[in-house]
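Below: one structure, written as structure tokens.
The values are calculated or read from the model by the stated rules, or taken from the named source; none is laboratory data. Quick caveat: nothing in here was measured; it's all calculated off a predicted structure. So basically every Cβ, Gly included, is an ideal-geometry build from the backbone, and we count neighbours across all protein chains shown. When the accessible area is computed, the model is the full protein with side chains, heavy atoms only, and any ligands, DNA or RNA have been set aside. Shrake-Rupley method; radii C 1.70, N 1.55, O 1.52, S 1.80 Å.
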Amino acid sequence: MTKTTAADPVMGDLELVAHAYRWHEAYLAAQALRAADIPADVLDGHTHHMMPYAGIALGGFRIVVPASHSRDALDLLATLPAPRATQPLWLSCAMVALVWWVGIGGMAGLPPMMSGLYLRQPARIDA
């Protein structure tokens, strides 16, 4: 197994602790880390904004912290509440009707929407 690390002249060796597919989830997680005095940065934001259809293939937004803070960052992020799906029932019914009416081929132009903050497993960090 390989570690995902990068060198940063200010923060030192960076280690990936999580990734998210929506920008607000990534930046909220990074701000939660910063509020706990853990330096954090969000990588790949520009790429994701320029090519939103490729966001899932590229791994979304990566949240990195200095390697010395990775365990604390994972512990803090694990305590954050999971996002709730707030899509109303009428919108779900409308999407089902649209798929039935247009056909699944017509939906190929819509990007898939993944939500949530995906943490790295602690076993991978220690390996």
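A few remarks follow.
- Pairs are defined by a Cβ separation below 8 Å, a sequence spacing of at least 6 or placement on different chains, a first member in segment 76-88 that is farther than 18 Å from residue 120 by Cα, and a second member that is open to solvent by less than 100 Å² (accessible area, probe 1.4 Å) and modelled with pLDDT under 85; the pairs so defined are 85/115.
- Selection count where residues are of a type outside the set (D, E, K, R) and at pLDDT 85 or above, scope segment 37-48: 5
- Members of segment 9-36 found to be of a type outside the set (A, V, I, L, M), touching a strand residue (DSSP E or B) at 6+ places or on another chain (Cβ under 9 Å) and not in a loop (DSSP other than H, G, I, E, B), listed by number: 12, 13, 15, 19, 23, 25, 27
- Contacts under 7 angstrom Cβ, first residue in segment 14-26 being closer than 10 Å to residue 59 by Cα and open to solvent by 20 Å² or more (accessible area, probe 1.4 Å), partner among the aromatic types (Phe, Trp, Tyr) and at pLDDT below 85, 6 or more apart: 19/118
- Residues of segment 60-84 that turn out to be surrounded by 18 or more Cβ atoms within 10 Å (Cβ to Cβ) and more than 14 Å from residue 29 (Cα to Cα), as a count: 2
- Residue 34 vs. criteria at negative phi and modelled with pLDDT of 90 or more: yes
- Filter result (assigned to a helix (DSSP H, G or I), farther than 13 Å from residue 21 by Cβ and in contact (Cβ under 8 Å) with a residue 24 or more places away in the chain) within segment 37-68: 67, 68
- Residue in segment 12-33 that is aromatic (Phe, Trp, Tyr), within 16 Å of residue 116 (Cα to Cα) and touching a Gly at 6+ places or on another chain (Cβ under 8 Å) present: yes
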